[in-house]
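> Supplied in C-alpha cells, the structure appears directly below.
The values are calculated or read from the model by the stated rules, or taken from the named source; none is laboratory data. All figures in this text were calculated on a predicted structure; none of them were measured in a lab. Positions of Cβ are generated from backbone atoms using ideal geometry, with glycine treated the same way; all protein chains shown enter the neighbour counts.
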Amino acid sequence: MSITVRYFAAVREQLGPSETLSWADTGAHTVGELRQWLIGRSPAHAAALDLGKGLRTACNQTLCHADQTVQDGDEVAFFPPVTGG
C-alpha cells in the first residue's frame, strides 16, 4: 500500500522529483493531512511545503483542495501556483 508524492518546480529543487510512501505510515486521509505529515518529516520538507507558500496540489493529476481524500495507490503532487514549461 503506497502513495506516490511528486514535486514540481522550486519544490522539486528542494526535495527531488518524487518519493513513494507507505500509505498506512502517513496516517493521512486527505491531501492536507498528508502535507502536514510531510512537513513534520524533515526540516527540508517543512521549508519546501510550508503552509504559507500557497502551493497548489493535485491528486491523480487533477487539481484539488486540502480536503481531497487520499487512498492507497494515489499520486499526490505539490507545486507553486505558477510553474514554467
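> If I ask for residues that are of a type in the set (Asp, Glu) and modelled with pLDDT under 95, which ones from region 20-41 would you list? Show your work before the answer.
Keep residues of region 20-41 that are of a type in the set (Asp, Glu), which gives 25, 33.
If the condition is that a residue be of a type in the set (Asp, Glu) and modelled with pLDDT under 95, then Asp25 is the only one that fits.
> Quick one: is Gly52 under 15 Å from Thr69 (Cβ atoms) and more than 13 Å from the chain's Cα centre (by Cα)? Show your work before the answer.
Details: under 15 Å from Thr69 (Cβ atoms): no; more than 13 Å from the chain's Cα centre (by Cα): yes.
It is false that Gly52 is under 15 Å from Thr69 (Cβ atoms) and more than 13 Å from the chain's Cα centre (by Cα).
> If I ask for residues that are touching a helix residue (DSSP H, G or I) at 6+ places or on another chain (Cβ under 6 Å) and not polar (S, T, N, Q), which ones from region 45-58 would you list? Walk me through how you get there before you give the answer.
First pass over region 45-58, keeping only residues touching a helix residue (DSSP H, G or I) at 6+ places or on another chain (Cβ under 6 Å): 45-46, 48-49, 57.
Within region 45-58, His45, Ala46, Ala48, Leu49 meet the criteria.
> Could I ask something else about it? Looking only at residues that are farther than 17 Å from Leu63 by Cα and modelled with pLDDT under 95 in region 1-12, which one is surrounded by the fewest Cβ atoms within 10 Å (Cβ to Cβ)? It would help to see each step written out before you state the result.
The initial filter retains those residues of region 1-12 that are farther than 17 Å from Leu63 by Cα, namely 1-2, 10, 12.
Filter once more, so that each one left must be modelled with pLDDT under 95: 1-2, 10.
On the way: Met1: 10, Ser2: 15, Ala10: 14.
Only one residue fits best here, namely Met1.
> Starting from region 60-73, keep only residues that are at positive phi and modelled with pLDDT of 95 or more, then list their pairs with residues that are surrounded by 10 or more Cβ atoms within 10 Å (Cβ to Cβ) and not in a loop (DSSP other than H, G, I, E, B) whose Cβ atoms are within a distance under 8 Å, requiring at least 6 positions of separation or different chains.
Matching pairs, first to second residue: Asn60/Glu75; Gln61/Glu75; Gln61/Ala77.
> So which helices (runs of 4 or more DSSP H) stay within the chain end to end and still have 1 or more residues that are acidic (Asp, Glu)? Outline the logic, then answer.
On the way: elements: 10-15, 23-26, 31-39, 43-48.
Per the criteria, 10-15, 23-26, 31-39.
> Continuing with the same structure: Does any residue in region 42-59 that is over 10 Å from Gln14 (Cβ atoms) and modelled with pLDDT of 95 or more come within less than 9 Å, Cβ to Cβ, of a residue that is surrounded by fewer than 17 Cβ atoms within 10 Å (Cβ to Cβ) and hydroxyl-bearing (Ser, Thr, Tyr) six or more places away or on a different chain, and which pairs are these?
Qualifying pairs under 9 Å: Arg56/Thr83; Cys59/Thr69.
> Within region 29-49, take every residue that is surrounded by 11 or more Cβ atoms within 10 Å (Cβ to Cβ) and over 11 Å from the mean Cα position of the chain (by Cα) and give me the one that is nearest to Pro81 (Cα to Cα).
That would be Ala47.
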